[in-house]
Amino acid sequence: MQTDRKRRREKQVAGVHCRVSLLALSAVTKRYPGVTALDAVDFTVEAGVVHAVVGENGAGKSTLLKLVAGAERPDAGEIRWDGAPVTFASPRDALRRGITVIYQELALVPNLGADANIFLGMERAHGGVLQADAMRAAAAKALGELGLFIDPAQPVARLSVAQRQLVELARALVRDARLVALDEPTATLTAHEVAHLATQIDRLTTKGIAVVFVSHRLDEVRRLASRITVLRDGRRVWTGATIEVDEAALIRHMVGRDVAYQRHPAGRAPHSAPVLEVQGLTRSPAFYDVSFSLRPGEIVGMAGLVGAGRSEVARALAGIEPWAAGAVSLSGTPYRPRSPREAIDRGLAYLPEDRQRDGLVLRFTVRENVTLPVLRRFAARGQIRREDEIRGARAAATAVDLRPAPPDIERPTVQLSGGNQQKVVVAKWLLTDARIIVFDEPTRGVDVGAKVDLHRQIRSLADLGKAVLLISSELPELLALADRVLVMRAGRVAGELAGEALSAERVMALAVEAQ
Ligand SMILES: Nc1ncnc2c1ncn2[C@@H]1O[C@H](COP(=O)(O)OP(=O)(O)OP(=O)(O)O)[C@@H](O)[C@H]1O
Ligand SMILES: [Mg+2]
């Protein structure tokens, strides 16, 4: 009896020291029609550890999370949870066992409050009566623990992306999650929000919660995760401790070669007259007195913090939102588009930041999306010349390196990985006759290798004589591509940098200078 208890005690102590794998996937395979998204992948996650998953667009990262979440079933292989084999019947089943997955596209019900979202499917009731007050108080407490002080009853649609992520994390906490997986949580966050999220993730691990973290931002991956798994074409190619790899080695595992940003200097200094002139553009409280010009053949970068008004200016120029004061001229004639259609007809194309909302019709195929703005060009006597359309779509899809290669242009875009959807948005504008192209965060969610390819595409558009306005929060991208950079701060152009004066330090100084 005595020895029995002693033995049990010893076993427990040993258990604390040898790390327990909470989740273990062995030889897991997942096929979709025409693609093996995951091919015999082994993957284990330990309690209290942040484990990052990285890889190129379409490598299988989101698919892996969907299996863990019970949203998809493996075609082969085994999943063990807490030491025993499991089959998740549904996302709710996985959630009940302690697994919360936060997807690339957030999954809250927009018109419900944070409280209702947090308790969805596990509402508290007493004697058949919903305990709304108790749930609201519990929700507020969980949100407060994560540093989010909001009215839990207001619809989550009114919250920022960062706030909605915290609501999903609060949901995990209220449900006593033991594993939280996040799919590219930082892609749309400001630096400040990323820091806050990182703190919260650290706190989860101190509670013994396992965290799986998918991201294309390798600096963050290296800061947050202690273990990293690299997927390539559905296979696991490397797993190890973060301290074992530097960024270059990680990229080599991901892409199979060295990748570095190249400076793409303008072929020649553009001397021609501006194709777009913006004078004193104002719409309070979004932007004030914005003036700049674009010449054919140049790439003008627009830097600034998230919220500085860059996208608002772009959306106004694209005819999506109006402006209140100021004047714009396009090739010397007044320009004031009342719709995106009018902007396109006048020769201004806009590549939006939010591909899901503005950029793509998800149920359309790649071809349909890519040729949508230019369909008229493929028409003769009221008929679409299908072969021309197919040829055009295929050329554009190849130019952006759509995966899997060679690109299948008849695939519905909803079936593409997140980064490949972004490439379709870019491909769409390669075909237009636009004289001016406004890119808003064109490489967000795109892997490092494909980024370099997109940079080459953008430079070649300028070399063809198009004027490019490039909004990017990634400074190395602006420095690699832009001939000059406008820096926006609090809705105004705080300065313009070119040549020798153009450096990361100068851009940051202008972007954050005290007002
Ligand atoms: N519902 C689906 N139907 C068909 N194919 C799919 C579906 N979902 C994903 N795929 C395919 O599976 C592969 C892996 O996609 P997945 O979304 O896991 O990539 P990812 O690594 O998350 O990429 P990204 O970095 O672009 O988000 C891709 O080739 C994708 O097109
Ligand atoms: Mg993905």
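The values are calculated or read from the model by the stated rules, or taken from the named source; none is laboratory data. Keep in mind the model is a prediction, meaning the values are calculated, not measured. When we count neighbours, we look across all protein chains shown, and the Cβ atoms used for this are built from the backbone with ideal geometry, even at glycine.
Inspect region 494-509 for any residue being surrounded by 23 or more Cβ atoms within 10 Å (Cβ to Cβ) and small (Gly, Ala, Ser) and give the result as yes or no. No; the residues of region 494-509 include none that is surrounded by 23 or more Cβ atoms within 10 Å (Cβ to Cβ) and small (Gly, Ala, Ser). What is the one condition in (1) away from ligand 2 (no atom under 16 Å from the Cβ); (2) over 21 Å from Leu461 (Cβ atoms); (3) in contact (Cβ under 8 Å) with a residue 12 or more places away in the chain; (4) not in a loop (DSSP other than H, G, I, E, B) that Glu387 does not satisfy? Going through (1) away from ligand 2 (no atom under 16 Å from the Cβ); (2) over 21 Å from Leu461 (Cβ atoms); (3) in contact (Cβ under 8 Å) with a residue 12 or more places away in the chain; (4) not in a loop (DSSP other than H, G, I, E, B) one by one, Glu387 breaks only (3). Thr44 meets all of the listed conditions (1) within 13 Å of ligand 2 (Cβ to nearest atom); (2) over 22 Å from Asn117 (Cα atoms); (3) not acidic (Asp, Glu) but one, namely (1).
This table checks each residue for (1) out of contact with any Asp or Glu (no Cβ under 9 Å at 6 or more places or on another chain); (2) more than 22 Å from Ile201 (Cβ to Cβ); (3) acidic (Asp, Glu).
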position: Leu112; (1), (2), (3): yes, yes, no
position: Asp115; (1), (2), (3): yes, yes, yes
position: Met122; (1), (2), (3): yes, yes, no
position: Gly128; (1), (2), (3): yes, yes, no
position: Asp133; (1), (2), (3): yes, yes, yes
position: Gly144; (1), (2), (3): yes, no, no
position: Gly147; (1), (2), (3): yes, no, no
position: Ala157; (1), (2), (3): yes, yes, no
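You will find that of Thr206, Thr190, Thr186, the residue that is over 19 Å from the mean Cα position of the chain (by Cα) and either surrounded by 18 or more Cβ atoms within 10 Å (Cβ to Cβ) or outside the structural domain of Trp81 (by TED's automatic domain parsing) (or both) is Thr206 and no other.
Only a single item in (1) at pLDDT 90 or above; (2) more than 26 Å from Leu362 (Cβ to Cβ) is not met by Thr100, and it is number (2). Of all the helices (runs of 4 or more DSSP H) wholly in region 397-506, which have at least 3 residues that are modelled with pLDDT of 90 or more and of a type in the set (A, V, I, L, M, F, W, C)? So the answer is 475-481. Residues that are under 23 Å from Val255 (Cβ atoms) and either polar (S, T, N, Q) or crowded, with 18+ Cβ neighbours inside 10 Å (or both) within region 40-49 comprise Val41, Phe43, listed in sequence order.
Return yes or no: is Thr443 surrounded by fewer than 23 Cβ atoms within 10 Å (Cβ to Cβ) and away from ligand 1 (no atom under 11 Å from the Cβ)? Criteria not met by Thr443.
Where helices (runs of 4 or more DSSP H) fall entirely within region 166-281, those with at least 1 residues that are under 29 Å from Leu461 (Cα atoms) are at 218-224, 247-255.
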